[in-house]
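Here is the structure we will look at.
The values are calculated or read from the model by the stated rules, or taken from the named source; none is laboratory data. Values in this document were obtained by computation on a predicted structure and should not be read as measured data. As a convention, Cβ positions derive from the backbone with ideal geometry for all residues, glycine included, and neighbour counts pool all protein chains shown. Just so you know, the surface numbers come from the protein's heavy atoms only, side chains and all, with ligands and any DNA or RNA stripped out. Shrake-Rupley method; radii C 1.70, N 1.55, O 1.52, S 1.80 Å.
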Amino acid sequence: MFSYSDSDLYCENVALADLATRVGTPAFVYSAQSILENYRAYDEAFQDIPHNVCYAVKANSSLAVLGLLARAGAGFDIVSGGELYRVLEAGADPAKVVFSGVGKTPDEVEYALASGIHRFNCESEAELLLVDAMAARRGVRPGFAVRVNPDVDANTHPYISTGLSEHKFGIAISEAPGVYERARKLVNLCADGVSCHIGSQILELSPILEAVDKVLALAASLGNAGFPIRHLDLGGGLGVAYHSGQKAPEIRAFIASLHDRLRASRLCVTVEPGRSIVGPAGILLTRVLYRKKNGPKEFVVVDAAMNDLIRPSLYRAHHEIIPVRQRPLPSITADVVGPVCESGDFLARDRTVANVMPGDYLAVCTAGAYGFVLSSNYNSRPRAPEVLVEGGAYRVIRRRETFEDLVRGETL
Ligand SMILES: *Cc1c(COP(=O)(O)O)cnc(C)c1O
């Protein structure tokens, strides 16, 4: 959805140089078409299997993005009361919301039950007791899945790997049968599912396939033990290509590789993709402020920083950085850095980039997931606006913060 026409970079049919001039920089820009295509790739790949595609809200929780997906029929995977509030504001059907997370508070459980959400993915026995007690008080009987930890290595960055027994997530798969047995006495809960989520930015399918086989086996044995297991939640985690040469698993091929065993299970399958739906659908637009040299090292100083996009600093993540207008000049090797007063503030290091000049715009690619949501006001920098492109039109879906926004809620 981001491509050059002549020498100008477009998002769908909108020239990004024009958009940058009108909206200012830094700014996040998302392609509605790309988001919807990625969502539909999941939805359509399931074909004849009962399923729920529950978009993982934490990847990009902007109301307009949630609204777009809600209208397309998506469900939502939430991890906090705030995310529940957002999806309800966006018009989501609470019956398609699944609540995940290792530290749900009593207030959040209460809010979720009052909203009539679909199911809980529970991560400890204490949480099961809490949800059961609160469901009793409301006179409801929600379904739950224990999030099991299948002890497989997702081969991804340690901070976003979640499926090994050393991680805080889930309940060891070997202990899960005992947890379900003890949950039989929790009469306000219905043990009707099994769930897992082994990590994020997963580029090889084998760990996911291994996890799926383990949870399918668990679901079958729980079924034999008399539990009314009807739901299988496989989590999210499919990776995207951050390097231009990189190959990420294709959504349709990924689901196709699971299709037969999922269909044979006769379970209703939930997936919780976040990054693979919104990641490639967004960029961060930034303007070059200065070029400078310190000894042999060259720097391109831009107006976006680690407070806007923390992934390079936090995970050493690579994001391609491309010019919004191509010029026939030889490229340079430089660090692309922001204005924040910290050496950890960089978008790229020792990178071959276009020979840009102050005033030129750059696009930091694949910034639609874990971009804006992880942004902060560090250095008292107002947060960037978000723009949604639909065909030849665009709209600001979140305005740029002002200095007044920075001190809102504070007292002298
Ligand atoms: C983060 C998360 C997801 C989404 O992961 P992606 O890598 O963005 O697809 C899904 N489920 C749970 C429980 C999560 O914590």
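Rounded to 0.05, the FRET efficiency of the Ala253 and Leu314 pair, given R0 = 30 Å and the Cβ-Cβ distance, is 0.50. Rolling a 1.4 Å probe across all protein chains gives Asp345 an accessible area of roughly 10 Å².
Classify segment 54-195: rounded, prolate or oblate, from the alpha-carbon gyration tensor (a ≥ b ≥ c, eigenvalue square roots; a/c under 1.5 rounded; otherwise prolate if a/b is larger than b/c)? Because a/c hits 1.5 or more and a/b fails to exceed b/c, segment 54-195 counts as oblate. Using C-alpha pairs below 8 Å separated by at least 6 residues, the relative contact order for the chain is 20 percent.
So if the hydrodynamic radius of the chain is defined as the Kirkwood radius over C-alpha pairs, what does Stokes-Einstein give as its diffusion coefficient at 37 °C and 0.692 mPa s, in µm² per second? The Stokes-Einstein estimate is 146 µm²/s.
Restricting attention to the chain, close to 50% of DSSP beta bridges with both partner residues there are antiparallel. Please compare each pair in Lys247/Lys292; Lys247/Lys293; Lys104/Lys185; Lys58/Lys168; Lys96/Lys247; Lys247/Lys297 to a cut-off of 28 Å on the Cα-Cα distance and tell me which ones are over it. Violating the 28 Å limit, Cα to Cα: Lys247/Lys292; Lys247/Lys293; Lys96/Lys247; Lys247/Lys297. Label sites at Ala114 and Cys341, each approximated as a point 7 angstrom past Cα along Cα to Cβ, lie 4.3 nm apart.
By its C-alpha gyration tensor, with a ≥ b ≥ c as the square roots of the eigenvalues, how is segment 337-385 shaped: rounded for a/c under 1.5, else prolate for a/b larger than b/c, else oblate? The shape class here is prolate.
For segment 129-204, with equal point scatterers placed on the C-alpha atoms only and solvent neglected, what are the log10 I(q)/I(0) values from the Debye formula at q = 0.15, 0.16, 0.24 1/Å, to two decimals? The calculated log intensity ratios at q = 0.15, 0.16, 0.24 Å⁻¹ are -0.59, -0.65, -1.00.
Express the accessible area of the chain per residue in Å², computed with a 1.4 Å probe while the remaining protein chains stay in the model. Working shown, then result.
On the way: 17480 Å² over 412 residues.
It amounts to 42 Å² per residue over the chain.
Rounded if a/c is under 1.5, else prolate if a/b is larger than b/c, else oblate: which is segment 286-412, with a ≥ b ≥ c the root eigenvalues of its Cα gyration tensor? Working shown, then result.
Numbers: a/c = 1.92, a/b = 1.34, b/c = 1.43.
Cα axes put segment 286-412 in the oblate bin.
Stretch Asp153-Asp350 to full length: gain in nm at 0.36 nm per residue minus the Cα-Cα span? Kindly include the intermediate steps, with their values, before the conclusion.
Values: separation 197, 0.36 × 197 = 70.92 nm, distance 3.04 nm.
That pair, Asp153 and Asp350, stretches by 67.9 nm at full extension.
Charge tally around Asn38: other residues with Cβ under 12 Å, Lys/Arg +1 each, Asp/Glu -1 each, net -1.
Expressed in whole Å with the largest first, what are the equivalent ellipsoid semi-axes of segment 127-276 derived from the C-alpha gyration tensor as the square root of 5 times each eigenvalue?
Working: eigenvalues 172, 55, 38 Å².
The three semi-axes for segment 127-276 are 29, 17, 14 Å.
Relative to the longest principal axis of the Cα atoms of the chain, the long axis of helix 106-115 makes an angle of roughly 80 degrees. Per residue, the chain reaches -8500 deg cm²/dmol at 222 nm when only DSSP H runs of four or more residues are counted, each adding -39500 (n - 2.57). Between segment 328-346 and segment 43-108, the C-alpha centres lie 36 angstrom from each other.
Axis angle, to the nearest 10 degrees, between helix 32-45 and the longest C-alpha principal axis of the chain: 30 degrees.
Report relative contact order for segment 101-271 in percent, whole number only (criteria: Cα-Cα under 8 Å, sequence separation at least 6).
Details: 292 pairs, mean separation 34.2, N = 171.
That works out to 20 percent.
Looking at segment 101-271, the DSSP beta bridges with both ends there are about 5 percent antiparallel. If you take the charge dipole of segment 41-142 about its Cα centre, with +1 on Lys and Arg Cβ and -1 on Asp and Glu Cβ, which of Ala112, Tyr55, Ser100 is farthest toward its positive end? Towards the positive end, the residue furthest out is Ala112.
Compared with the dominant Cα axis of the chain, that is its longest principal axis, helix 125-138 is turned about 80°. Couplings for segment 225-240, taken from phi via the Karplus curve 6.51 cos²θ - 1.76 cosθ + 1.60 with θ = phi - 60°, read 7, x, 7, x, 5, 10, 10, 10, 10, 9, x, x, x, 4, x, 10 Hz in order; Gly and Pro are left as x. Between segment 176-224 and segment 296-315, the C-alpha centres lie 40 angstrom from each other.
When the solvent-accessible area of segment 101-271 is split by element, carbon and sulfur atoms take up 53 percent of it, the probe being 1.4 Å.
Near Ala56, the amide H atoms lying under 5 Å from its own belong to Asp77, Gly274; only residues 5 or more places off or on other chains count, and H is placed 1.01 Å from N.
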